[in-house]
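Q: Sharing a structure below in structure tokens format, with a few things to ask.
The values are calculated or read from the model by the stated rules, or taken from the named source; none is laboratory data. As the structure is a prediction and not an experimental result, all values here were calculated from the model. Quick reminder, even Gly has a Cβ in these numbers, built from the backbone with ideal geometry, and neighbours come from all protein chains shown. SASA here: full protein model, heavy atoms, side chains in, ligands and nucleic acids out. Shrake-Rupley method; radii C 1.70, N 1.55, O 1.52, S 1.80 Å.
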Amino acid sequence: MGSLELRNVTKVFGKTEIIKGIDLSVKDGEFVVFVGPSGCGKSTLLRMIAGLEDVTSGAVVLDGQDVTAVAPAKRGIAMVFQSYALYPHLTVRDNMGLALRQAGAPRSEIAQAVGRASAMLALDPYLERRPAELSGGQRQRVAIGRAIVRTPSLFLFDEPLSNLDAALRVATRIEIARLHRELGATMIYVTHDQVEAMTLADRIVVLRAGQVEQVGRPMELYNDPANTFVAGFIGSPRMNFLKGAALGESADTVGVRPEHLAISRQGNAIPGTVSHVEKLGGETLVYVRSEVHGLLTVRLFGEQDFSVDEAVQLTPEPPRSLRFDAAGRRLR
Amino acid sequence: MRARSQPGRSIAAHAILIAYTLIALFPVWVIVINSFKSRRAIFAQPLAIPTPETWDLVGYTTVLENGDFFGYFLNSLTVTVASLFFVLLFGAMAAFALSEYRFRGNMLVGLYLALGIMIPIRLGTVAILQMMVAAGLVNTLTALILVYTAQGLPLAVFILSEFMRNVSDDLKNAGRMDGLSEYAIFFRLVLPLVRPAMATVAVFTMIPIWNDLWFPLILAPSEDTKTITLGSQVFIGQFVTNWNAVLAALSLAIVPVLILYLIFSRQLIRGITAGAVK
Ligand SMILES: Nc1ncnc2c1ncn2[C@@H]1O[C@H](COP(=O)(O)OP(=O)(O)OP(=O)(O)O)[C@@H](O)[C@H]1O
Ligand SMILES: [Mg+2]
């Protein structure tokens, strides 16, 4: 039980419309990731689902019930915040147990729920500590624990890993994936991180300026984006956009992913000069400046030797090229 | 980052601070030592510490015999503590509303409340007196408490709303998700986090109230409602001033503020330096 439906929700702050009519339905048990550029309204939308921000118009429907006017704590939703937001004066145990205590659950039940969550997240040694006495990673686990304890039908995560270092981020990401499998609850997750979005999501929602650009499974968005925005936003390094006219195409823009651009030292495809090379060990990124198309990125497998200012030729793999019209819409 | 300590600078800084402390404490010191001396000794050697010859508690005995000194004391304490309580409570509540909720006129209300910082409440003395007469509150401690609460609120709202804006939104939202009411969020999450600011406001509010002579003289000069500052004035006559008694009364008057100050000072220091060290 944790299906969510947004019906044409909007949000206006003062005179500016931040969320411009979003329709979305999330199935029970699904893992949905919101991505989009900074300031596009991801956090605002999440807070509207949680009930922390009122909805200017439209409806939030949980399990078939309109909860637009229901208080946050009564929605059966738990939220994990970017800044952890642990209660500084309470111990880890009390932090995790507070929601149940507020709901009037008996002591034994609270103890049991806290015990289960802390075992799941390996927090047992820290139960009597205060948040100030924990590391960043431990704090984030407590914040997740606090959400689990309430056995909500819907979890909301607002960039939960962005304050952690790279190694911890990977570990916690795997932890969250495991929790999703074990709990089977619906999860909505906001992130800036491509890898988090691609690896965790059943479906990704790409937002831009308060509107949904595209919704789909990660590979759908990657291989079959609806417009240049989604094509450019999903995938790292970014997709190359070539001028259609210069390639003799009818389309305005041709999108080619860096791994679908072949590079060679002779031939007569797209001429350019190497402007920068990044060697990452497993792969090599070559940045090529073309007179016509601007700066293009080529991704090569393994270690490759190219030197700056070297003249090269680029060839797009025709079947993997995506064609867009002047407004950025995909031509199929 | 901690700069390597440079002995020269550190000595200079300490010398300045010590000099300032001495200058600030000097009048207090003079009052206290002279309160234990005989009248002749006060005038002969005002800076000397009391010796067995000059030792005289006549000031204290006069104060304790003359008038209901203990009563004045209690009046001052009642007025100060009650006003402080209301200033902190209402100030914090108003600050929370201003910093936490978006509503029409939020800015205007905030500005209106802050206006009181710049306009001295004494300008309104006549109107206040008329109001108190109409309400039948003249010669009651309630009158003083009401006036002092009004006097303290602007600065309290101003300082506290600034601090409350810095309390993490996520924390308050986490409380809302966990089912805390807005009152619980205010009392249990926000207030403990702005405690240093509360202490700062408490000290800035308390001292002018304790020392005030103006409003007790105008609103509550009766024997039953005299505050200690007003009560001490009986010893200052037009022709003769009983210096022993005045000094003894002043020395006694320092004690309670000192105690209140010590209670708040630990928090106060954190309040002043808050944000300096993250
Ligand atoms: N309380 C508010 N009053 C006015 N405008 C607001 C308020 N909260 C957010 N906004 C605006 O709404 C827009 C969306 O903000 P939001 O925090 O949802 O962005 P976001 O997508 O989460 O960005 P980020 O990725 O940087 O976290 C921003 O332009 C922001 O300035
Ligand atoms: Mg955000």
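Q: Anything in chain B that counts as a DSSP H helix reaching 30 Å or more along its axis (C-alpha) with Kyte-Doolittle mean of at least 1.0? List them, would you? The partial results should precede the final answer.
A: Working: long enough: B:7-35 (40 Å, 1.50); B:69-100 (46 Å, 1.66); B:141-165 (34 Å, 1.44); B:243-273 (41 Å, 1.59).
Helix filter hits for chain B: B:7-35, B:69-100, B:141-165, B:243-273.
Q: Roughly speaking, what is the centre-to-centre gap between the range B:100-123 and the range A:163-240 when only Cα atoms are used, to the nearest Å?
A: Each part's Cα centre sits 46 Å from the other's.
Q: Restricting to Cα pairs below 8 Å that are 6+ residues apart, what does the relative contact order work out to for the range A:174-219? Please round to a whole percent.
A: Working: 32 pairs, mean separation 11.7, N = 46.
RCO, the range A:174-219: 25 percent.
Q: Compute the separation of the alpha-carbon centres of the range B:169-246 and the range A:96-120 and state it in Å as a whole number.
A: About 41 Å separates the Cα centre of the range B:169-246 from the one of the range A:96-120.
Q: I would also like to ask the following. In Å³ and rounded to a whole number, note down the convex hull volume per residue for the Cα atoms of the protein assembly as shown. Show your work: numbers first, answer last.
A: Values: hull volume 158.8 nm³, N = 610.
So the per-residue hull volume is 260 Å³.
Q: Right, something else. Which residue, A:3, A:262, A:226, has the largest displacement toward the positive end of the dipole of chain A when charges sit on each Cβ (Lys, Arg +1; Asp, Glu -1)?
A: It is A:3, whose Cα lies furthest towards the positive end.
Q: Per 10 Å bin from zero, what fraction in whole % of the C-alpha pairs of the range B:149-278 is there, up to the bin with the longest pair?
A: The percentages, shortest bin first, are 11, 29, 26, 18, 11, 4, 1, 0.
Q: Mean-square fluctuation check for chain B, GNM, Cα pairs under 10 Å: which of B:52, B:216, B:208 is largest?
A: With Cα springs under 10 Å in chain B, the top fluctuation among B:52, B:216, B:208 is at B:52.
Q: A further question on this structure: Hey, what's the protein assembly as shown come to in accessible area per residue, 1.4 Å probe, Å²? Intermediate results must be reported in sequence, preceding the final value.
A: Working: 31290 Å² over 610 residues.
So the protein assembly as shown comes to 51 Å² accessible per residue, rounded to a whole number.
Q: Given DSSP loops and a limit of at most 12 other Cβ atoms within 10 Å, what is the longest stretch of chain B that contains no such chymotrypsin sites (Phe, Trp or Tyr not before Pro)? Walk me through the numbers before you get to the answer.
A: Details: sites that count: B:101, B:103, B:239.
The answer is B:104-238.
Q: So how much accessible surface do B and A hide from each other in total, probe 1.4 Å, in square angstrom to the nearest 100? Before the final figure, lay out each step's value.
A: On the way: alone 17100 and 15750 Å², together 31290 Å².
Chain pair B/A: roughly 1600 Å² of buried accessible area.
Q: State the percentage of accessible surface on the range B:97-252 attributable to carbon and sulfur atoms; use a 1.4 Å probe and exclude ligands, DNA and RNA.
A: Numbers: 5280 of 7730 Å².
Reported share for carbon and sulfur atoms: 68 percent.
Q: Continuing with this model, one more query. Evaluate the distance, in nm, between pseudo-label points positioned 7 Å from the Cα of residue B:68 and of residue B:43 along their respective Cα→Cβ axes.
A: The modelled label-to-label distance comes out at 3.4 nm.
Q: Can you pull the percent of Cα pairs in chain A with separation above 29 Å? Before the final figure, lay out each step's value.
A: On the way: 26685 of 54946 pairs.
For chain A, the share of Cα pairs beyond 29 Å comes to 49 percent.
Q: Normalising by the residue count of the range B:138-236, find the relative contact order in percent from Cα pairs under 8 Å and 6+ residues apart. The partial results should precede the final answer.
A: On the way: 51 pairs, mean separation 43.8, N = 99.
Computed over the range B:138-236, the figure is 44 percent.
Q: Looking at A:313, A:142, A:192, which one has the Cα that reaches farthest to the positive end of the dipole of chain A (charges on Cβ: Lys, Arg +1; Asp, Glu -1)?
A: Checking the options against the dipole of chain A, the answer is A:142.
Q: Now for a different question. Taking every pair of alpha-carbon atoms in the range B:67-238, give the share separated by more than 30 Å as a whole percent. All intermediate terms of the calculation are to be shown ahead of the outcome.
A: On the way: 4147 of 14706 pairs.
Considering the range B:67-238, 28 percent of its Cα-Cα pairs are separated by more than 30 Å.
Q: Going through the cross-link list A:11/A:74; A:42/A:279; A:11/B:172; A:15/A:74; A:42/B:172; A:42/A:243, which pairs have a Cα-Cα distance over 25 Å in this structure? Before the final figure, lay out each step's value.
A: Working: A:11/A:74 21 Å; A:42/A:279 34 Å; A:11/B:172 21 Å; A:15/A:74 30 Å; A:42/B:172 19 Å; A:42/A:243 32 Å.
The answer is A:42/A:279; A:15/A:74; A:42/A:243.
Q: Let me ask something else. Taking every alpha carbon pair in the range A:4-45, what does the distance histogram look like in 5 angstrom bins from 0, in percent?
A: It works out to 6, 19, 26, 26, 14, 6, 2, 0, in whole percents.
Q: Residues with beta-carbon under 14 Å from that of residue B:69, excluding residue B:69: net charge, scoring Lys, Arg +1 and Asp, Glu -1?
A: -3
Q: Lys and Arg at +1, Asp and Glu at -1: add these up for the other residues within a Cβ distance under 13 Å of residue A:288 and post the number. Display every interim value, and only then the final one.
A: Working: positive: A:265, A:289, A:299; negative: A:278, A:291, A:309, A:310.
Residues close to residue A:288 contribute a combined charge of -1.
Q: Does anyone have the angle between helix A:136-149 and the longest principal axis of chain A? Alpha-carbon axes, 0 to 90°, nearest 10?
A: With both axes taken from Cα atoms, the answer is about 60 degrees.
Q: For q values of 0.17, 0.23 Å⁻¹, compute log₁₀ I(q)/I(0) with the Debye formula on a Cα-only model of the range B:11-63, without solvent.
A: Each listed q maps to, in turn, -0.58, -0.80.
Q: Shielding by partners for B:165-174, please: the mean number of other protein chain Cβ atoms within 10 Å of each residue's Cβ. Intermediate values should be presented prior to the final figure.
A: Working: counts 0, 0, 0, 5, 5, 12, 7, 2, 10, 17.
Mean partner shielding for this stretch: 6.
Q: Right, next: Using Cα centres only, tell me the gap between the range A:28-89 and the range B:33-72 in whole Å.
A: Using only Cα atoms, the two centres lie 70 Å from each other.
Q: Now, a different point. Within the set of other residues whose C-beta is less than 10 Å from the C-beta of residue A:191, count the net charge using Lys and Arg as +1 and Asp and Glu as -1.
A: Numbers: positive: A:42, A:173; negative: A:158, A:159, A:193, A:196.
Once all neighbours under 10 Å are counted, the net charge is -2.
Q: In addition: Output the relative contact order of the range B:67-238, whole-number percent, from Cα pairs under 8 angstrom with separation of 6+ residues. Write out the running numbers ahead of the final one.
A: Working: 157 pairs, mean separation 69.2, N = 172.
Over the range B:67-238, the number comes to 40 percent.
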